[in-house]
Amino acid sequence: MVHIPSMSLLYMSPPPDKHGFLSLGVSIGHSWPTAHSANVIIAEVNEYMPRVLGKCFLHTSLIDFIVETSRPLVEFPTGGEIGEIERAISNYVVDLIPDGATLQIGIGAIPTAIADCLSGKHNIKIFGMGVDKYS
């Protein structure tokens, strides 16, 4: 059995590029700072993981263990039917959003209903969890 120290990072990555750099995958919010303080870094290299650009690459020389896999990614459905309650909440929320706002959108029926109501807004910037509404 391998002992893994408490400051470890296990993450899924697409295959390395021709220079040996691995992307940290689709979400670097916690992976990037953890990678720079971890004692051990384990990369699960999966051909199905998208390569994301930006300041999110680690060279293979920094990776302690590489595990190669080939399996479809887990999908999280946006979830929930939009009903009267969700539409009422979204109408109140959208009235509070000014043009030019930046929104963080999560997963679920209410965020999806809010996205449905944004068509009258201008210059809205959105970041979220890759919900179907923005695909």
Practice problem: Go through the range 40-71 and give me each residue that's small (Gly, Ala, Ser), in a loop (DSSP other than H, G, I, E, B) and out of contact with any strand residue (DSSP E or B) (no Cβ under 7 Å at 6 or more places or on another chain). | Solution: GLY54
Practice problem: Collect the residues in the range 62-109 that are of a type in the set (A, V, I, L, M, F, W, C), farther than 30 Å from PRO50 by Cα and touching a helix residue (DSSP H, G or I) at 6+ places or on another chain (Cβ under 7 Å), keeping them in residue-number order. | Solution: ILE89, VAL93, VAL94
Quiz item: Only one of these conditions is not met by GLY54: (1) of a type in the set (Gly, Ala, Ser); (2) touching a helix residue (DSSP H, G or I) at 6+ places or on another chain (Cβ under 9 Å); (3) closer than 23 Å to PHE127 by Cβ. Which number is it?
Solution: (2)
Practice problem: Quick one: in the range 11-62, of everything that is of a type in the set (Val, Ile, Thr) and within 18 Å of the chain's Cα centre (by Cα), which residue is modelled with the highest pLDDT? | Solution: VAL45
Quiz item: Would you say PHE127 is modelled with pLDDT under 85 and part of a strand (DSSP E or B)?
Solution: yes
Quiz item: In the list VAL26, VAL74, which residue meets the criterion of being without any contact (Cβ under 8 Å) to a residue 24 or more places away in the chain, assigned to a loop (DSSP other than H, G, I, E, B) and either among the basic types (Lys, Arg) or out of contact with any Phe, Trp or Tyr (no Cβ under 7 Å at 6 or more places or on another chain) (or both)?
Solution: VAL74
Exercise. Scan the range 80-118 residue by residue and report those that are more than 24 Å from MET12 (Cα to Cα), part of a loop (DSSP other than H, G, I, E, B) and not hydrophobic (A, V, I, L, M, F, W, C).
Key: GLY80, GLU81, GLY83, PRO98, ASP99, GLY100, GLY108
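The values are calculated or read from the model by the stated rules, or taken from the named source; none is laboratory data. Everything numeric in this text was worked out from a predicted model, so none of it was measured. No Cβ is skipped: glycine too gets one built from the backbone with ideal geometry, and neighbour counts run over all protein chains shown.
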